[in-house]
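Q: One structure follows; several queries about it will come next.
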Amino acid sequence: MLRKATSGDQWSIRLLVFSAKLDPTQLNWQQFWVVECNRNLVACGQLRNFSGAQELGSLVVASPWRGRGLGTLLTQHLINTATQPLYLECLGERLAKFYNRFDFVPISFEDLPEFPNTRGKSSLKGKFRFSQLAKRLFRVPVVFMEHRGNS
């Protein structure tokens, strides 16, 4: 069952994100959608809100549930739910190819939009700045992507 996360899901979301070694910061359960099976959280993902953009982030499918289309279901739902230009960052070409199926295209860090901070929201480029530094200094295979679909 695909549903909006509730406050009771926050520890399960954290556990999934930690298990996938994803960025554990900015985990706001109110921004998450989850897939539940037999009362167990088996997948999650969020739309983070930034000034003038959104980020598809923290997308995780629990290991035993991979290969069943849950990541596809969740990704498509998050894309359809987005209300602003949509971006993401992922590690490696394998994940970039996965997101490419949903009309995400690789872009350079310089091509990320620089929206001014409004209503206390930070900029997406500011959030991705650390990843860009890790990419340059340590050759971390970060890929920045923008959604170019018509949905």
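Q: Among the β-branched types (Val, Ile, Thr), over 12 Å from the mean Cα position of the chain (by Cα) and surrounded by 13 or more Cβ atoms within 10 Å (Cβ to Cβ): is that true of Thr6 in this structure?
A: No.
Q: Another question, if that's okay. Given the criteria acidic (Asp, Glu) and surrounded by fewer than 15 Cβ atoms within 10 Å (Cβ to Cβ), does Glu93 qualify?
A: Against the criterion (acidic (Asp, Glu) and surrounded by fewer than 15 Cβ atoms within 10 Å (Cβ to Cβ)), Glu93 qualifies.
Q: From the list Leu124, Leu88, Leu112, Leu137, exactly one residue is surrounded by 13 or more Cβ atoms within 10 Å (Cβ to Cβ) and at pLDDT 95 or above. Which is it?
A: Leu88
Q: Arg48 is checked against (1) assigned to a strand (DSSP E or B); (2) touching a Leu at 6+ places or on another chain (Cβ under 6 Å) and fails just one. What number does that condition carry?
A: That leaves (2) as the condition not met.
Q: Is it true that some residue in the stretch 64-81 is farther than 30 Å from Ser12 by Cβ, modelled with pLDDT of 95 or more and surrounded by 15 or more Cβ atoms within 10 Å (Cβ to Cβ)?
A: No - not one qualifying residue is present in the stretch 64-81.
Q: Here is a further query. Condition first: more than 16 Å from the chain's Cα centre (by Cα) and free of Cβ contacts under 8 Å to residues at least 12 places away in the same chain. Can you find one or more residues in the stretch 103-110 that meet it?
A: Looking through the stretch 103-110, at least one residue is more than 16 Å from the chain's Cα centre (by Cα) and free of Cβ contacts under 8 Å to residues at least 12 places away in the same chain.
The values are calculated or read from the model by the stated rules, or taken from the named source; none is laboratory data. Given the structure is predicted, the values throughout are model-derived calculations rather than measurements. Positions of Cβ are backbone-derived with ideal geometry, glycine not excepted, and every protein chain shown enters the neighbour counts.
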